[in-house]
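Below is one structure, written out as structure tokens; the observations come after it.
The values are calculated or read from the model by the stated rules, or taken from the named source; none is laboratory data. None of the values given here were measured: they were computed from a predicted structure. Cβ placement follows ideal geometry from the backbone for every residue including glycine, while neighbour counts extend to all protein chains displayed. Only protein heavy atoms, including side chains, enter the accessible area calculation; ligands, DNA and RNA are left aside. Shrake-Rupley method; radii C 1.70, N 1.55, O 1.52, S 1.80 Å.
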Amino acid sequence: MDTQTLDHRIDTLLNDPLVSLMIRADSVDRAMLACQMRRLGRSVDERQVRDEASTGGAL
């Protein structure tokens, strides 16, 4: 997943009314949460690339 798509999905999630309410109720820093989600997204993509390479691309 490219960075632009990942950012769009994170923004969409964080702008969801229910998610926003939970973030506010738990006093979560939105910017920090978005940053952590981006790091997780990148690490998942890196693992998928490594997994595909180690299995020869066939799953």
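Just a few scattered comments:
- Test for Val19: is it assigned to a helix (DSSP H, G or I), β-branched (Val, Ile, Thr) and modelled with pLDDT of 75 or more: yes
- Selected residue [under 16 Å from the mean Cα position of the chain (by Cα), modelled with pLDDT under 90 and outside any loop (DSSP other than H, G, I, E, B)] from Met32, Met37, Met1: Met37
- Of all residues in region 1-26, none that is at positive phi and among the aromatic types (Phe, Trp, Tyr) has its Cβ atom under 6 Å from the Cβ atom of a residue that is in a helix (DSSP H, G or I) and open to solvent by less than 80 Å² (accessible area, probe 1.4 Å), 6 or more apart or on another chain.
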